Structures are given as structure tokens and as C-alpha cells.
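Reviewing the structure listed below.
The values are calculated or read from the model by the stated rules, or taken from the named source; none is laboratory data. Treat the numbers as computed from the prediction; the structure is a model and nothing was measured. All Cβ positions, even for glycine, are placed from backbone atoms using ideal geometry, and neighbour counts span all protein chains on display.
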Amino acid sequence: MTSPLLSTPGAVSAESPDSEVAAHYGDPSHEGRAIERSSAWVDRSNRGVVRVSGPDRLGWLNDLTSQLTQGLAPGTATEALVLDTRGHLRHHLSLVDDGEATWIHTEPGGGAELAAFLDSMRFMLRVEVEDLGDSRAILTVLGPDRAAVIGRAALGDVPVRAAEGESDLFLPAGRLSEAAEALTAAGARPAGMWAYEANRIAEHRVRPGLDTDDRTIPHEVDWVNRAVHLEKGCYPGQETVARVHNLGRPPRRLVMLHLDGTVERLPQVGAAIELEGRPVGRVGTSARHHELGPIALGVVKRAAPTDADLVVDGIAAGQEVVVDPDTGANAQIDLRRRPR
């Protein structure tokens, strides 16, 4: 459903997959500065929302995902991945537990599929899964003043996922406009997905389905530690994660790209990243940052030199290393020849 906040003065609709929410409210540069320096709210009501309840939920999620959720303290924000047996991404979960239920949001259009998958894995455990995409909406508050702003807005008993740099409010869908008005009155500026995405890219946080593809493994895109716990029990895809961490290096690595600012357009998602005319990777999301200018995330072959200038969809680009080419290979193996 199209967000009611698109009726906010100055609101301009974003492009797919965020066409149901605002790209900006008339001044994306100042919106980006508010995210960095004070506070802003961002309409992310197009996100899928899933609620998992029942006394077995945390142990059950621990067995299904890459994250250590067993014993997760109420209010602790984290991320988790559902991987296939080869270590490739199936679902990305941003979650928090409130002591009675685990609240999850995921990519637009992904909530129903995630809920169906989780429901199929319940077996005899005391777990209930609800797809709340129609009844709950995510409103994200960012910036150094966000906690004070949320407090002044007095939004009542709403689940909050307070992560580093941003707080996700799991609002009843019917209260979305009311909450946005309260946050604005409390000092937060409306900001759209252009500013949000620019901030996310500058923080090197990949977006599933845009910065990843069907071959992506966690080590390639800096999900280890953020969404993957390396010392937990078994889960689907763990063998791939452990093998790369202990013995090998991922075939690709994440980079942030500083794009030529004289070019008016941004690269298309999935376009080739080239080195001396040869394709060495693919670009993901891109945005115009209020200070850094045009930036993007991409994955390139591990062997691509870290100091090489690249070309992205015909646009010159310098690279900022996010994932080191030598990430993984942590096993200490001492091979000695038998004396003759």
C-alpha cells in the first residue's frame, strides 16, 4: 500500500523497490545533514514485518539463522541471515526481542515469504509466526538526538529496535501519520529514502537483493559479526561460513565507490564494474551523499588491485576497501616436510 506520508508537503515518491514511500521531502541535502547532525525520521513502512512469539522462539531462531539468538536480552537489536545449505542468502532479518516476542523487519515484499518459511519450520515447537505487513509499519528515527526526540514524542508502548545510529519503530499502521507528526513536533526532520540510502552506503551497510545477488556469501559483504556469529551452534550454511573463515578467502569483496561527480546520472543496479575494459564485479545501490557526493556499493573480484581506478556503468570511480582481500584464512596451519 502507498504510504499516507506521501501526502506530506514536498514529498516525492521513490523508485522501486521503495516506490510506496518518499524519496525526499523537497531538500535531500538538508535531510542528509539532519540524519548526521541532529535527528530525522524516515518512512520505511514498505518493509515486511514479522512477529514470532512463544517460549521456544529464541532457541528456534538460533537453530535456523546465522545469529546467536539463544538468550538474547530484551531490547538488544541485531541482524540475522537465513542461508541455504551452500551459504547463500535466503532472508535478511533485522530483529529485536521485547521479552515476549521477537519483532522482525525485512526487505519490501519479503515479509510474507519469510513468515511462510518460518511457519513451515515450526514442527512441534511452541512458536507462533505472524505476518504483520498489513498491520504494522516501520518508521525509522536517525541521528545523534534520536533518543531524546523519541522520548519527547511520547509514542506510548511501541516496540523499538534501537541499533547503532538508528531506531526502528514497529508502529500500528493506523498510527503512522500521527507518529510522524509527533516526531516532527519533537524536533525531527522528515527525510526520504535518498538521504537514508546515502547514509547507509556511507556506513558500508549492504542492502539484500540490491547489493547482493544469488551467489553472495556473508564474508564478501561484511556480514560476519554484524549478522553472523562465528562461535554458535549449527545452522544451514554454516559449513561455507566456517570454511571461508578458517581456510579460504571469499571470491569477491565489498567496496565503496566514489563516483565521478561531473556525471549527472547514477549507475544502474547490477551494472558491470570494469578494470581496464574487463568486468571485475557488479555495482549495487548508489546515492548522492550531502558531503561525499555520488557514492555506491559494489562487489569486485578478490584479485582486483585495491588501489585500482575502476569504471562503473561508464562512470569513473575510485574504490574504498570495505572487505579486505585477505579476510578469512584464519586457521594456523604449519605444514612441515618429514625429514629424510
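Taking segment 201-231 as the search range and keeping residues that are free of Cβ contacts under 8 Å to residues at least 60 places away in the same chain and of a type outside the set (A, V, I, L, M), which one is surrounded by the fewest Cβ atoms within 10 Å (Cβ to Cβ)?
Within segment 201-231, the match that is surrounded by the fewest Cβ atoms within 10 Å (Cβ to Cβ) is N225.
Looking for something touching a His at 6+ places or on another chain (Cβ under 6 Å) and either among the acidic types (D, E) or touching a residue at least 40 places away in the same chain (Cβ under 8 Å) (or both) - is there at least one such residue anywhere in segment 167-174?
No, segment 167-174 has no match at all.
Starting from residues that are in a strand (DSSP E or B) and among the basic types (K, R), keep the ones in segment 49-106 and report whichever is nearest to L139 (Cα to Cα).
Step by step, filter segment 49-106, then rank; the result is R51.
Write out, first by first residue and then by second, each pair whose Cβ atoms fall under 8 Å of each other, whose residues are 6+ apart or on separate chains, and whose first residue, in segment 117-145, is assigned to a helix (DSSP H, G or I) while the second is among the basic types (K, R).
Matching pairs, first to second residue: F117/R90.
Within segment 37-47, how many residues are outside any loop (DSSP other than H, G, I, E, B) and either of a type in the set (K, R) or surrounded by fewer than 23 Cβ atoms within 10 Å (Cβ to Cβ) (or both)?
1
What's the number of the only condition in (1) of a type outside the set (A, V, I, L, M, F, W, C); (2) outside any loop (DSSP other than H, G, I, E, B); (3) not assigned by TED's automatic domain parsing to the domain that holds P294 that R207 fails to meet?
(2)
Would segment 43-61 turn up any residue that is β-branched (V, I, T), in the same structural domain as H105 (by TED's automatic domain parsing) and farther than 30 Å from R215 by Cβ?
no
Out of all the residues in segment 68-124, which are of a type in the set (A, V, I, L, M), surrounded by 19 or more Cβ atoms within 10 Å (Cβ to Cβ), more than 19 Å from G233 (Cβ to Cβ) and in contact with an Asp or Glu (Cβ under 7 Å, 6 or more places away or on another chain)?
Scanning segment 68-124 gives a single hit, A115.
Could you run through segment 245-268 and say how many residues are part of a loop (DSSP other than H, G, I, E, B) and under 22 Å from the mean Cα position of the chain (by Cα)?
5
Among (1) assigned to a helix (DSSP H, G or I); (2) in contact with a Gly (Cβ under 8 Å, 6 or more places away or on another chain); (3) surrounded by 15 or more Cβ atoms within 10 Å (Cβ to Cβ); (4) not small (G, A, S), where does E239 come up short?
(3)
Residue by residue through segment 269-278, note down the ones that are part of a strand (DSSP E or B), more than 26 Å from the chain's Cα centre (by Cα) and not hydrophobic (A, V, I, L, M, F, W, C).
The one that is part of a strand (DSSP E or B), more than 26 Å from the chain's Cα centre (by Cα) and not hydrophobic (A, V, I, L, M, F, W, C): R278.
Would you say E231 is assigned to a helix (DSSP H, G or I), on the phi < 0 side of the Ramachandran plot and in the same structural domain as Q70 (by TED's automatic domain parsing)?
no
Which residues, counting only those in segment 178-196, are in contact with a His (Cβ under 6 Å, 6 or more places away or on another chain) and either farther than 11 Å from V42 by Cα or aromatic (F, W, Y) (or both)?
W194
I'd like the residue in segment 287-316 that is of a type in the set (K, R) and part of a strand (DSSP E or B) and, out of all such residues, is farthest from the chain's Cα centre (by Cα).
K301
Identify all residues within segment 19-36 that are on the phi < 0 side of the Ramachandran plot, part of a loop (DSSP other than H, G, I, E, B) and either free of Cβ contacts under 8 Å to residues at least 12 places away in the same chain or surrounded by fewer than 21 Cβ atoms within 10 Å (Cβ to Cβ) (or both); write none if there are none.
S19, E20, D27
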